[in-house]
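K.L.:
The structure's right below; bear with me while I get my questions together.
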Amino acid sequence: MSIEITLPDGSVRSFENPITGLELAADIGPGLAKQAVAIAIDDEMLDLSTTLDKNTAVKIITRNQPEALELIRHDAAHVMAQAVQELYPETQVTIGPAIENGFYYDFFREESFTPDDLEKIEKRMQQIVERADDIVREVWDRNEAIAFFEEKGEKFKAELISDLPEDETISLYRQGDFIDLCRGPHLPNTSKLGKFFKVMKLAGAYWRGDANNPQLQRIYGTAWRDKKELKAYLHQLEEAEKRDHRKLGKEMELFHMQAEAVGSMFWHPKGWKLRKNLQHYIGEKMERVGYQEVCTPQMMDRKLWEASGHWEKYADDMFTCCGDHGDMAIKPMNCPGHVQIFKQGLKSYRDLPLRLAEFSTLHRNEAHGALHGLMRARSFGQDDAHIFCTEEQINKETKDFIDFLVEVYKDFGFEDILVKFSDRPDNRAGSDETWDKAESALKEAVSLAGLEYEMNPGEGAFYGPKLEFTLRDAIGRDWQCGTLQVDFVLPERLDAEYVGADGDRHRPVMLHRAVMGSLERFLGMLIESTAGHLPLWLTPIPVVIATITEEANPWAEDVQKQLQAAGIRAELDLRNEKIGRKVREHSNSKIPQIWVVGKNEAEEKQVAIRKLGSKANTVTDAAEAIAQLVADTTMPI
């Protein structure tokens, strides 16, 4: 009986006997066989050596296809582990996955790796690629595999196998003298990896992420399909280092962090003005489309958090303390408090939708290793709001929110928006029936809004599915900012209700939404994306007036007063320093405009404008310059 293989173009090839994926590629053409790295059946990637023994649809995966990237990075991790054990045989390998933009492997070794070791490891990886070791899958008996790794002194691998389900197939992959536990798939040989990789850095880790377990050494690397991709990524990293918001935040005198308040910011005057400007902007925009700002307590009784489900589902991420009447929690989010406001006084369907917004500081007990300046902090504000509405209003409220979100992002120059739909997580509250309804309602609303999205399975909030809005910055990095969540759970758990047109009591639907998300994180992303060249209407100090000579001081002071009268913050630099030094220092601080004034400018009532990033001065009448700056610093609200 012949075997029929259907290819992606719909063509069918028949074979009298079972064949491998590589043989199928060779039958199609020798060029394809040379480029092939794997096959895919029903979207599952498999080794080229996989035997095809029944009718099926098969896709040949070549190195230049996007699907190959994860395979390349997975193999890079194995080749790195092989290199490490060839160079340092006493080292135990543990776990090494592919990750976004690269890979890592965790190693157990008494002696610490050094930067010189990383160079040696990368060089040995290149040699392994040149050797073109065949990568062969082997299926082992569980007990034999455990005994094999225990005898080698690989106790971590033996533990992993012991913990696998009884019905799990134990597959090992061998390349040269190196053998590792892995489900696969893998490239057919190490030469297929190519040399477009780089060993990047060292970090600490714990076995299985538990601080009570042995400490490991994690080596990170990156791997790509070709030289162009690798070069572009390394350039992006260089740019990211230059734009690091923590570095720029110091240069711009915005904020600092210190050990006495891990995960929180000490905002300096310029930084706090910047943050206030951002909050004012989004607050005014929200008020104009029907949001009402409220403020709820920072600490609330454990009983409320238990009722909402946060104590059970979110307790590890909450800061708690003991009050006069028992346990209290510092709020990590505003939603339970907003439900309490909704419940004050009986609401009618005529009161809906009710949109409540809040900007108060939230506190979350983020893991120390996850903290990253403004991007991941323990205390932060949000442009947080909750819409209480009927089921029939979900579609319109969702569309209105998306339109609002797109408008806000455009004000900051972001038009490349990726949307993810996150459905029910394993750790959730509410019945499957409730989740079915919530997910169906959100999908319908998104469809009616004409929004395209990709699925993000299992990443919803514990109370409802959500949309995640991701922005791409100036150097190609993605940042998750806005969210919209449909929640049927909290109104039920916290007993929120309204009187419908039929006179009966009904549960409102609760839409949790944010456009920027964390204000701190959005600022960090904005600082890095613009390299500190913030929009004029947002920046805390739009202009500094710097004098060339003391004779110009009175005119500089007069210009400052005119600017202040026009509502523009301006600083004076009357120091007895050369103008070149003044310009350089203020440029490093990312002041958008420096107005240089000397004897001539004072006599002619002019200013010489030096814009950030420009080396040329434009001499302009002071009144005209002030009028133009007023127009440029007007918030788009």
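The values are calculated or read from the model by the stated rules, or taken from the named source; none is laboratory data. Everything numeric here is computed off the predicted structure, so don't read it as measured data. Heads up, the Cβs are rebuilt from the backbone with ideal geometry, glycines too, and the neighbour counts pull from every protein chain shown.
K.L.:
What about HIS512, is it at pLDDT 95 or above, surrounded by fewer than 18 Cβ atoms within 10 Å (Cβ to Cβ) and not in a helix (DSSP H, G or I)? Even if it seems obvious, please write down each step before you answer.
P.N.:
Working: at pLDDT 95 or above: yes; surrounded by fewer than 18 Cβ atoms within 10 Å (Cβ to Cβ): no; not in a helix (DSSP H, G or I): yes.
In short, no.
K.L.:
OK, next. Any idea which of LYS270, LYS247 is outside any loop (DSSP other than H, G, I, E, B) and touching a residue at least 60 places away in the same chain (Cβ under 8 Å)?
P.N.:
After ruling out the rest, the residue left standing is LYS270.
K.L.:
Would a scan of the stretch 486-497 turn up a residue that is of a type outside the set (Gly, Ala, Ser), modelled with pLDDT of 95 or more and touching a Leu at 6+ places or on another chain (Cβ under 9 Å)?
P.N.:
yes
K.L.:
Related question: Of all residues in the stretch 347-391 being hydrophobic (A, V, I, L, M, F, W, C) and touching a Leu at 6+ places or on another chain (Cβ under 8 Å), which is farthest from TYR206 (Cα to Cα)?
P.N.:
Step one: list which residues in the stretch 347-391 are hydrophobic (A, V, I, L, M, F, W, C), which gives 352, 354, 356-357, 359, 362, 367, 370-371, 374-375, 377, 380, 385, 387-389.
Going one step further and asking which of them are touching a Leu at 6+ places or on another chain (Cβ under 8 Å), we end up with 359, 374, 377, 380, 385, 387-389.
Details: PHE359: 37, LEU374: 25, ALA377: 22, PHE380: 28, ALA385: 38, ILE387: 42, PHE388: 44, CYS389: 46 Å.
Ranking the candidates gives CYS389 first.
K.L.:
Exactly one condition in (1) within 30 Å of PRO66 (Cα to Cα); (2) modelled with pLDDT of 95 or more; (3) of a type in the set (A, V, I, L, M) is not met by ALA203; state its number.
P.N.:
It fails just one condition, (2).
K.L.:
Name every residue in the stretch 108-150 that is under 32 Å from the mean Cα position of the chain (by Cα) and hydrophobic (A, V, I, L, M, F, W, C), in order of residue number.
P.N.:
Passing the criteria: PHE108, PHE113, LEU118, ILE121, MET125.
K.L.:
Oh, and also: Of all residues in the stretch 137-184, how many are of a type in the set (Lys, Arg) and farther than 20 Å from GLU86 by Cα?
P.N.:
Of the residues in the stretch 137-184, 3 are of a type in the set (Lys, Arg) and farther than 20 Å from GLU86 by Cα.
K.L.:
Which residue pairs have Cβ atoms under 9 Å apart, sit 6 or more places apart or on different chains, and have a first residue in the stretch 398-419 that is not assigned by TED's automatic domain parsing to the domain that holds ALA445 and of a type in the set (Phe, Trp, Tyr) and a second that is part of a strand (DSSP E or B) and surrounded by fewer than 16 Cβ atoms within 10 Å (Cβ to Cβ)?
P.N.:
So the pair list comes out empty.
K.L.:
Here's another thing I want to ask about it. If you check HIS372, HIS368, HIS310, which single one turns out to be surrounded by 20 or more Cβ atoms within 10 Å (Cβ to Cβ) and modelled with pLDDT under 95?
P.N.:
None of the other options fit; the residue is HIS310.
K.L.:
Take the stretch 168-206 and flag every residue that is assigned to a helix (DSSP H, G or I) and surrounded by 18 or more Cβ atoms within 10 Å (Cβ to Cβ).
P.N.:
Passing the criteria: THR190, LYS192, LEU193.
K.L.:
Is at least one residue of the stretch 480-487 among the small types (Gly, Ala, Ser) and closer than 18 Å to GLU520 by Cα?
P.N.:
Within the stretch 480-487, one or more residues are among the small types (Gly, Ala, Ser) and closer than 18 Å to GLU520 by Cα.
K.L.:
Another question about this same structure. Would you mind stating whether MET286 is touching a Lys or Arg at 6+ places or on another chain (Cβ under 9 Å), outside the structural domain of HIS338 (by TED's automatic domain parsing), aliphatic (A, V, I, L, M) and touching a residue at least 12 places away in the same chain (Cβ under 8 Å)?
P.N.:
No: the conditions fail for MET286.
K.L.:
Another question, if that's okay. GLU239: part of a helix (DSSP H, G or I) and surrounded by 14 or more Cβ atoms within 10 Å (Cβ to Cβ), yes or no?
P.N.:
Here the answer is yes, as GLU239 does meet what is asked.
K.L.:
Now for a separate question. All but one of (1) out of contact with any strand residue (DSSP E or B) (no Cβ under 8 Å at 6 or more places or on another chain); (2) buried (at least 17 other Cβ atoms within 10 Å of the Cβ) hold for ALA232; which doesn't?
P.N.:
For ALA232, the exception is condition (2).
K.L.:
Among (1) assigned to a loop (DSSP other than H, G, I, E, B); (2) at pLDDT below 95; (3) among the hydrophobic types (A, V, I, L, M, F, W, C), which single condition is CYS295 missing?
P.N.:
(2)
K.L.:
Further question: Scanning for something in contact with a Leu (Cβ under 7 Å, 6 or more places away or on another chain), hydroxyl-bearing (Ser, Thr, Tyr), over 25 Å from ASP226 (Cα atoms) and not assigned by TED's automatic domain parsing to the domain that holds LEU193, does the stretch 7-27 turn up at least one residue?
P.N.:
Yes, the stretch 7-27 contains a residue that is in contact with a Leu (Cβ under 7 Å, 6 or more places away or on another chain), hydroxyl-bearing (Ser, Thr, Tyr), over 25 Å from ASP226 (Cα atoms) and not assigned by TED's automatic domain parsing to the domain that holds LEU193.
K.L.:
Identify all residues within the stretch 275-291 that are among the hydrophobic types (A, V, I, L, M, F, W, C) and more than 25 Å from the chain's Cα centre (by Cα); write none if there are none.
P.N.:
Selection gives VAL289 alone.
K.L.:
Right, something else. Considering only the stretch 563-577, state which residues are in a helix (DSSP H, G or I) and surrounded by 15 or more Cβ atoms within 10 Å (Cβ to Cβ).
P.N.:
Correct list: LEU563 only.
K.L.:
Oh, and also: Quick one: is ALA329 of a type in the set (Gly, Ala, Ser) and over 19 Å from LEU494 (Cα atoms)?
P.N.:
no
K.L.:
Pick out, from the stretch 409-503, the strands (runs of 3 or more DSSP E) lying fully within it that include 3 or more residues that are surrounded by 20 or more Cβ atoms within 10 Å (Cβ to Cβ) and not β-branched (Val, Ile, Thr).
P.N.:
466-472, 478-487
Per-residue answers, yes or no, for (1) within 23 Å of PHE156 (Cβ to Cβ); (2) at pLDDT below 95; (3) outside any helix (DSSP H, G or I):
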| site | (1), (2), (3) |
| --- | --- |
| ASN64 | no, yes, yes |
| ARG73 | yes, no, no |
| HIS78 | yes, no, no |
| GLU86 | yes, no, no |
| TYR105 | yes, no, yes |
| GLU119 | no, no, no |
| LYS123 | no, no, no |
| GLN126 | no, no, no |
| VAL129 | no, no, no |
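Rundown of residues vs (1) among the hydrophobic types (A, V, I, L, M, F, W, C); (2) surrounded by fewer than 15 Cβ atoms within 10 Å (Cβ to Cβ), yes/no style:
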| residue | (1), (2) |
| --- | --- |
| ARG63 | no, no |
| ASP75 | no, no |
| LEU87 | yes, yes |
| VAL93 | yes, no |
| PHE108 | yes, no |
| ARG131 | no, yes |
| ARG137 | no, no |
| ARG142 | no, yes |
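K.L.:
Separate question: Among the candidates VAL509, VAL596, VAL515, VAL583, single out the residue that is touching a helix residue (DSSP H, G or I) at 6+ places or on another chain (Cβ under 7 Å) and within 22 Å of ASP621 (Cα to Cα).
P.N.:
On the way: VAL509 fails: within 22 Å of ASP621 (Cα to Cα); VAL515 fails: within 22 Å of ASP621 (Cα to Cα); VAL583 fails: touching a helix residue (DSSP H, G or I) at 6+ places or on another chain (Cβ under 7 Å).
Answer to the check: VAL596.
K.L.:
If you check GLU392 against the conditions, is it closer than 21 Å to ILE637 by Cβ and of a type in the set (Asp, Glu)?
P.N.:
No, not satisfied.
K.L.:
Does the stretch 608-637 hold any residues that are under 23 Å from ILE282 (Cβ atoms), exposed (fewer than 13 other Cβ atoms within 10 Å of the Cβ) and β-branched (Val, Ile, Thr), and which are they?
P.N.:
THR634
K.L.:
When the residues of the stretch 488-524 are narrowed to those that are among the acidic types (Asp, Glu) and in contact (Cβ under 8 Å) with a residue 60 or more places away in the chain, which ends up nearest to ARG350 (Cα to Cα)?
P.N.:
Of everything passing the filter in the stretch 488-524, GLU497 is nearest to ARG350 (Cα to Cα).
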